[in-house]
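**Q** One structure, pasted below without further comment.
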Amino acid sequence: MSSPSSQSVTVTLRRDLGLFDVTMIGVGAMIGTSIFVLIGVATREVGSAVMLVFVLNALATLFTASTYAELGSTFPEAGGGYLWAKKGLRHPAAFLSGWMSWFGHTVACSYYSLGLGYAMVAFAGYFQLDILGMTDEMIVKVFATGAILFFLAVNYAGVGATGKAGDIITLVQILIVTFFVAFAVLYALDAKGIDIMDNFYPIFPEGKGFADVFMVMGFTFIAFEGYEIIVQCGEEVKNPKKNIPRAIFISVLVAAVLYLSVAFACLSNFSPEWVGAEGENAVISVAERVIPYFGAPLVIFAGVLSAMAALNATVFSSSRVSFAMGRDKSLPRMFGSIHKTRRVPHNAILVTGVIMLFMALIFPLEVVVASTSVMFLLLFTLANAAAIRLRRRLTKIDIGFKTPLFPLFPVLGIVFSVSVAAYLYFFMPIAWYITAIWVAVGLALSAFAKPSEEYQSIVERRRVPQKPLPKEKIDKYRVFLALGDLGDLRLVETAGIIARYFKGDLTVNNVVEVPRAMPLEAISKEYVDEIALGLKKAVKVAPSTVDVRPVVSVSYFVPGAILDQLNHEAANLLVLGWKGTKRRGRTILGRNLDEVVRRAPCDVAIIKTKRLSKNIERILVVSGKYFETRKALLLALPIAKEYGASIEILSVITDDRQVALAKGNAERLSKMCTRVNVPHEVHYLRSKSLVSAVQQETQKADLLVMGTGAQTAIERTLFGSSYDRIIRTVDVPVLILKTTNVGRTLQPGSIPFPMFMPPGRTT
C-alpha cells in the first residue's frame, strides 16, 4: 500500500443542477414581469395582433435558442456567449459579445426592478394606500431602487441565486398564471350575449399592419430573453449535453404558452382598446374584474414574485459576465478579483449595481425595455455568427445537440435579430442611442484589452463521477471521512484506526463551498491547491499501513457533494465530525450534517470531537437493540485496542420485562470483546430514565459509544429523542453509529462478525 504522503490529492467539481432546476431558472427569467407588464402595452400598439406578436417571437426565438442549445451543450462553461465569441470570433467582436452581454443582463435587471415598482403601485391603488404621499412614479422608482439594492446585497453576501427556493417561486408563478387564465376563460364563456372571439377581429386596428407587428416584436422581445441564463450555469448542470438543450427548449415552450394564454384570457373578456388603455396594469385590471375579491391581489403577488425571481437570476448572471471578462483581462483586473472572506466577485457586483440603478432611476420603463431588447438582439447576432464559425473550425469536437438544418437556423437567427433591432429604431430611437454609446465605449476599451488565457481554472480537473465504482474494484471495506475542519487531526486518526482494523481503505474528503454568485470554474487553482495541501498534511496522521485517498470537492451544496462522492466510493462507513453546536430550530447537528445523515446510503458514525484525544482509557458502550449495539461495538473495539482502553457495556433496565433480553444481549456483546482480547465488564443499571443513567455513567468514561437504527428516528430527530439529548448533554467525546438495515454482509478483516453493506455490494 502506498503511504498517505505519497498520495496525490484528487479535485472534483460537482454538478448540482438537474433538468428541473435549470429549466426553472430559464422559465423564471423568461416570465419575469413581462407577462404582466408588456401585454397591455403591446396591445395598445397592435390590438389583438398581440397574439401574432408572441407567436412570431416564439418561432424566431427557436432559431437562436437552437444555437444556444448546441454551443451550451458543447461548451458547458460559465460565461456563455462571451466564451463562444472568444473561441469563434476575432477581436473586437469577441470583446463586444461579453460587453453587450454584461449590459443586456444588467439593464434587464433595471427593467425587472421597475416591473416590481409598478406592481407596488397597483398594490397601493387597490388597497387605497397612501405611501408617504408619494406619486405613482416615485413609488416605482423607490421600490425599484430597493429591489436592486436588496439583490445586490444577497449576491454580495454569497447567498445562492438559484436553488430549491427559486424553483418553488417559479412554480408558484406558473400556478397563479394558470389559475388566472382558467378563471378568465370560464368567466368569458359564462358571459351572456358575448362571443368569446369577438374581440379578436379585426386582427389589426385601423392604420396598423405587419410593419407595426414587427416593431412590437422588437419591443416585446425581452419576454423571450432569459433562456440564455441556462448556459451561464453550464458548469453546474448534470449531464449538460442533454439537459442544457432540453431546458432551453422547454423554457421557450413554457414561456410562449403562458404569454399566449394570458393575452387570450385578457382579450376574450375585454376589447383591445380597453386592454391597451390599461397599459402596464392591464392584467391586474382584468383579474380584478373576472376574479371577485382576490383576483387583483393574487396577480399583484404573482407580479412581485416574478420580478424577484427574474431579478435574482439576472443580477447573478450579469455579475458573472463582467467577472469572466475581468478574470481574463478583457476588463480591468478589479472585475476579476474575489473577496477574501465572502469569496464573491465583489467589484463586478458593485459596478453592475451602479449601472442597474442608473438605468432604473433615469429612464422610463419603455426605454429600459427597448434598450434591453436591442442589446440582446445584437448579442444573439454575434452568438449565431460564432456558432457558424465554430462548427466549421472544430470539426472533431464532441457536439451535444446539433442545430437542425445547419447553418440555416443560425443564419435566420441573424436575419431576424438584425431586422427587428433595426425596426426598433423607429419605435424607440433613444434605445438605439443608449446602445450606440455603450458599443462605442466598448470599442474604445477593446483597443486596450489584452485577453489572456493564463488564468488557471480547476475546470480541467475531473468531475464527480456520475456512476459508482465498478464491482470488481469493491474488494475491501471502505471508510469515508467527510472532513470539514482540516485541523481536526484526531478525527482523521480515528477514521484511519477503524479502516486499518477492518483491513480497509480510507477516503478523506473536504468540500470547498462556492457562493452562487460565482461560477465553479472561477475558484482559482491556487486556492484549491492550498486546500489540497492542507488536506494532504492532515491525512498524514492516519496509520501508515492504510491506503488513504484525499479528495477535494468543489460545489455549491456541501451535502450533495459529500453524498455524490460517497456513492462513487461505494463506502461502507461514513464518518462525520461534530463540534457539539447548539440546536437551532429543527436542525439537530447542523443543516449540512443533518442532510447528509438522513440521506447517506451506508452506516454513519458521528463523532462528537469535543475533548477527543489519545487519552482514552475507558469506553462506555450503551447496550440497546443488539443489531445496532453490535455494530457500534465493532467500531469501539479498534479504538480500544489502539489506546489500550477497557470497555464497559452498560445495560440500562427501565422495565422488569427487559431483564432477560438485556442480559442476553449483554452476554453476546461480552463474547465479542473476549474473542479479540479487549478487557471489558458488563454493568446492569436499573433506572427510570435512560438519559440520566447514561449521563451518570459517562462521568467515569473517556468515550461514549451508542448505536441507533434508521427506524428509531422520529420525524423531528435523527437518532431518537433520548439519544439526541444524551449526545448534546454529556461532557465527553461521543461516537454514535446510525445503522442501515439493508444490504449484503461482509467479513471485515479479522473480525468474525458481519458488517452490513449498502444495497448492491458484493463480498
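**Q** Report whether or not LEU377 is in contact (Cβ under 8 Å) with a residue 60 or more places away in the chain, closer than 24 Å to PHE448 by Cβ and of a type in the set (A, V, I, L, M).
**A** Working: in contact (Cβ under 8 Å) with a residue 60 or more places away in the chain: yes; closer than 24 Å to PHE448 by Cβ: no; of a type in the set (A, V, I, L, M): yes.
Here the answer is no, as LEU377 does not meet what is asked.
**Q** What number of residues within the stretch 208-240 are among the aromatic types (Phe, Trp, Tyr) and within 32 Å of the chain's Cα centre (by Cα)? Spell out the reasoning first.
**A** Step one: filter the stretch 208-240 for residues among the aromatic types (Phe, Trp, Tyr), giving 210, 214, 219, 221, 224, 227.
Of the ones still in play, those that are also within 32 Å of the chain's Cα centre (by Cα) are 219, 221, 224, 227.
So the count comes out to 4.
**Q** Among the residues of the stretch 201-253, count how many are over 30 Å from SER271 (Cβ atoms) and not in a helix (DSSP H, G or I).
**A** Total meeting the criteria: 7.
**Q** Additional query: For ILE244, work out the one condition from (1) of a type in the set (A, V, I, L, M, F, W, C); (2) farther than 23 Å from ARG15 by Cβ; (3) crowded, with 19+ Cβ neighbours inside 10 Å it doesn't fulfil.
**A** Result: ILE244 passes all but (2).
**Q** Starting from residues that are among the hydroxyl-bearing types (Ser, Thr, Tyr) and under 24 Å from ALA65 (Cβ atoms), keep the ones in the stretch 9-43 and report whichever is surrounded by the fewest Cβ atoms within 10 Å (Cβ to Cβ). Steps first, answer last, please.
**A** Looking only at the stretch 9-43, we keep the residues that are among the hydroxyl-bearing types (Ser, Thr, Tyr), and these are 10, 12, 23, 33-34, 43.
Narrowing the set further to residues that are under 24 Å from ALA65 (Cβ atoms) leaves 23, 33-34.
Working: THR23: 23, THR33: 30, SER34: 27.
The residue in question is THR23.
**Q** Looking at the stretch 61-73 only, could you name the residues that are among the aliphatic types (A, V, I, L, M) and in contact with a Leu (Cβ under 8 Å, 6 or more places away or on another chain)? Working first, answer last.
**A** Of all residues in the stretch 61-73, those among the aliphatic types (A, V, I, L, M) come to 62, 65, 69, 71.
Hit for the stretch 61-73 is LEU71, nothing else.
**Q** Sticking with this structure for a sec: Search the stretch 388-425 for residues being aliphatic (A, V, I, L, M) and in a loop (DSSP other than H, G, I, E, B), and hand back the single one that is nearest to the chain's Cα centre (by Cα).
**A** The first filter runs over the stretch 388-425 and keeps only residues aliphatic (A, V, I, L, M), leaving 388, 390, 394, 397, 399, 405, 408, 411-412, 414-415, 418, 420-422, 424.
Next, from what is left, pick out any that are in a loop (DSSP other than H, G, I, E, B): 394, 397, 399, 405.
Numbers: LEU394: 31, ILE397: 28, ILE399: 25, LEU405: 34 Å.
So the residue we want is ILE399.
**Q** Sticking with this one: Does VAL142 count as of a type outside the set (Ser, Thr, Tyr), more than 21 Å from the chain's Cα centre (by Cα), at pLDDT 90 or above and farther than 25 Å from ILE229 by Cβ? Steps first, please.
**A** Details: of a type outside the set (Ser, Thr, Tyr): yes; more than 21 Å from the chain's Cα centre (by Cα): yes; at pLDDT 90 or above: yes; farther than 25 Å from ILE229 by Cβ: yes.
It is true that VAL142 is of a type outside the set (Ser, Thr, Tyr), more than 21 Å from the chain's Cα centre (by Cα), at pLDDT 90 or above and farther than 25 Å from ILE229 by Cβ.
**Q** Has the stretch 682-698 got at least one residue that is within 47 Å of the chain's Cα centre (by Cα) and either within 30 Å of HIS568 (Cβ to Cβ) or assigned to a loop (DSSP other than H, G, I, E, B) (or both)?
**A** Step one: of the stretch 682-698, the residues within 47 Å of the chain's Cα centre (by Cα) are 689-698.
Next, only the ones that are either within 30 Å of HIS568 (Cβ to Cβ) or assigned to a loop (DSSP other than H, G, I, E, B) (or both) stay: 689.
Among the residues of the stretch 682-698, at least one is within 47 Å of the chain's Cα centre (by Cα) and either within 30 Å of HIS568 (Cβ to Cβ) or assigned to a loop (DSSP other than H, G, I, E, B) (or both), which makes the answer yes.
**Q** Among the residues of the stretch 691-724, which ones are at pLDDT 80 or above and under 24 Å from ARG657 (Cα atoms)? First the steps, then the outcome.
**A** Step one: of the stretch 691-724, the residues at pLDDT 80 or above are 691-708.
Selection gives VAL691, SER692, ALA693, VAL694, GLN695, GLN696, GLU697, MET706, GLY707, THR708.
**Q** Going through LEU382, LEU361 one at a time, which residue ends up being crowded, with 24+ Cβ neighbours inside 10 Å, modelled with pLDDT of 85 or more and over 18 Å from GLY32 (Cβ atoms)? Can you show your working first?
**A** On the way: LEU361 fails: crowded, with 24+ Cβ neighbours inside 10 Å.
Checking each option against the conditions leaves just LEU382.
**Q** Taking the stretch 150-165 as the search range and keeping residues that are at pLDDT below 65 and within 24 Å of VAL37 (Cβ to Cβ), which one is nearest to the chain's Cα centre (by Cα)?
**A** So the first thing to find is which residues in the stretch 150-165 are at pLDDT below 65, and the list is 158-165.
Checking which are within 24 Å of VAL37 (Cβ to Cβ) leaves us with 161-162, 165.
Working: ALA161: 7, THR162: 5, ALA165: 9 Å.
Selected residue: THR162.
**Q** Filter the stretch 276-295 down to the residues that are in contact with a Leu (Cβ under 8 Å, 6 or more places away or on another chain) and either at pLDDT 90 or above or not β-branched (Val, Ile, Thr) (or both) and list them by number.
**A** Restricting attention to the stretch 276-295, the residues satisfying the condition of being in contact with a Leu (Cβ under 8 Å, 6 or more places away or on another chain) are 280, 287, 291.
GLU280, ALA287 - these are the residues of the stretch 276-295 that are in contact with a Leu (Cβ under 8 Å, 6 or more places away or on another chain) and either at pLDDT 90 or above or not β-branched (Val, Ile, Thr) (or both).
**Q** Residue by residue through the stretch 669-688, note down the ones that are surrounded by 13 or more Cβ atoms within 10 Å (Cβ to Cβ) and either within 18 Å of GLU628 (Cα to Cα) or among the hydroxyl-bearing types (Ser, Thr, Tyr) (or both).
**A** LEU669, SER670, MET672, CYS673, VAL682, TYR684, SER687
**Q** Scan the stretch 65-73 and give yes if some residue there is part of a helix (DSSP H, G or I) and surrounded by fewer than 24 Cβ atoms within 10 Å (Cβ to Cβ), otherwise no. It would help to see each step written out before you state the result.
**A** Keep residues of the stretch 65-73 that are part of a helix (DSSP H, G or I), which gives 65-73.
The next check asks that each one be surrounded by fewer than 24 Cβ atoms within 10 Å (Cβ to Cβ); those that pass are none.
Scanning the stretch 65-73 turns up no residue that is part of a helix (DSSP H, G or I) and surrounded by fewer than 24 Cβ atoms within 10 Å (Cβ to Cβ).
**Q** For the stretch 587-603, check the following and say yes or no: at least one residue is of a type in the set (D, E, K, R), surrounded by 16 or more Cβ atoms within 10 Å (Cβ to Cβ), outside the structural domain of HIS680 (by TED's automatic domain parsing) and assigned to a helix (DSSP H, G or I).
**A** yes
Okay, residues lined up against (1) out of contact with any helix residue (DSSP H, G or I) (no Cβ under 8 Å at 6 or more places or on another chain); (2) under 30 Å from PRO429 (Cα atoms); (3) surrounded by fewer than 24 Cβ atoms within 10 Å (Cβ to Cβ); (4) among the charged types (D, E, K, R):
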{"residue": "ILE169", "(1), (2), (3), (4)": "no, no, yes, no"}
{"residue": "VAL216", "(1), (2), (3), (4)": "no, yes, no, no"}
{"residue": "GLU225", "(1), (2), (3), (4)": "no, yes, no, yes"}
{"residue": "ALA255", "(1), (2), (3), (4)": "no, yes, no, no"}
{"residue": "LEU260", "(1), (2), (3), (4)": "no, yes, yes, no"}
{"residue": "LEU267", "(1), (2), (3), (4)": "no, yes, no, no"}
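**Q** Restrict the check to the stretch 99-113 and report whether at least one residue is among the small types (Gly, Ala, Ser) and over 24 Å from LEU357 (Cβ atoms).
**A** Within the stretch 99-113, the subset among the small types (Gly, Ala, Ser) is 101, 104, 108, 110, 113.
Filter again for over 24 Å from LEU357 (Cβ atoms), leaving none.
No.
**Q** Can you pull out the helices (runs of 4 or more DSSP H) entirely within the stretch 255-343 that have at least 3 residues that are out of contact with any Phe, Trp or Tyr (no Cβ under 8 Å at 6 or more places or on another chain) and of a type in the set (A, V, I, L, M)? Outline the logic, then answer.
**A** Values: elements: 272-278, 282-290, 295-327.
The qualifying helices (runs of 4 or more DSSP H) are 295-327.
The values are calculated or read from the model by the stated rules, or taken from the named source; none is laboratory data. Computed from a predicted structure; not experimentally measured. For neighbour counting, all protein chains shown are included, and Cβ atoms are generated from backbone atoms with ideal geometry for every residue, glycine included.
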